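Every number in this text was worked out from the coordinates using simple rules, so none of it is lab data. Owing to the predicted nature of the structure, the values given are computational and were not obtained by experimental measurement. Here the Cβ positions follow ideal geometry from the backbone for every residue, glycine too, while neighbour counts run over all protein chains shown.
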Amino acid sequence: MYYLKIDPMKLSCFRFRLFVAFIFLISLTNSYGQSLAEKYFNLKFSYNPLTINAIDGIYNVTYTNDKGVYPSLYEIVPSYKLNQYNIGLGFGKFKGLNHTVFFEFLKGKIEKGQFGYSIGYNFALEGDKNDFFVRPGVGFMYGNTSLTFEEFNNSNRFINLYGEKYEAKKAKIMQTYTSSVLRPSVTFTYLIKQIFGISVELGYNVDLSKKLGKYEVYFEEFSDADPKLVNNISNKNYMVLNPEGTLAKENIYNLTGFYWSIGISSYKSFDYD
């Protein structure tokens, strides 16, 4: 019997760790006593720390109506670090083509809610009780994304804004746009007894949205927890100057950038009749 001898001193730290991880993976999947089912359904929950880049600087946002002119200055930083969550339903073949439909959302200075669909192909390394998959795929997401310029929290009963009095708990001045994102990615999944999965996804978001977002005000009323758009505050009444002092013609931020997430899944496996 031959043994492979590796001198760690001759390897970089990164390569050595990668080698150890590979040997550990092989040790988990070195026997083939269990037959992998043909197809599955799964429910997946994942989390990823997300960085959204923005065109930084001081923005002059002026609202004009028959009550007067209301200028405001807002500082935008180069990037925003947020926590994003994803809930998805997957189905298809353990070894072959499969699909995922999901909803992705984040809350904070930037808010996002997008529905998505992903198609991919599983390459499987079967083990005795547990299995490992590599899934290259591509996803598409569509929904709304908003950046909050200013938020008013009301300690009394009314909020005064643009010469009007509104009965509300909160008010948000936001830039909102319809966002569509393309995401090529590779997902690595460790499947335990074809019941429970742990996965890591690496990908890149490409923001396909070109249309300039709207400037809107949302109020959260005392009687309703859901924010509502105030119809009599018109997007046409806003004038936004970018940090160079010219009229803004593009969205202040975009969703393009590196993506990674970690997730857990519950599986139900089937065989074809």
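Overview of values
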item	result
Coarse-grained scattering of segment 34-270 at q = 0.09 Å⁻¹, given as base-10 log I(q)/I(0) from a Debye sum over alpha-carbon atoms	-0.49
R0 of 30 Å, Cβ-Cβ distance Phe103-Asp66: FRET efficiency to nearest 0.05	0.15
Neighbour cut-off at most 10 other Cβ (10 Å), DSSP loop, trypsin sites (Lys or Arg not before Pro), segment 65-128	Lys67
Distant-in-sequence amide H partners of Ser209 (H built 1.01 Å from N, under 5 Å)	Ser180
R0 of 30 Å, Cβ-Cβ distance Val77-Val206: FRET efficiency to nearest 0.05	0.85
Distance (nanometres) between label positions extended 7 Å along Cα→Cβ at Glu221 and Ala37	4.7
Proximal charge balance of Leu82 [Cβ under 11 Å; K/R count +1, D/E count -1]	+3
Computed label-point distance, nm, for sites Thr51 and Met239 using a 7 Å Cα→Cβ extension	3.7
5 angstrom amide H check on Ile159, placed H, neighbours 5+ away	Tyr166, Glu167, Ala168
Net charge dipole size for segment 34-270 [Lys, Arg +1 and Asp, Glu -1 on Cβ; Debye, nearest 20]	500
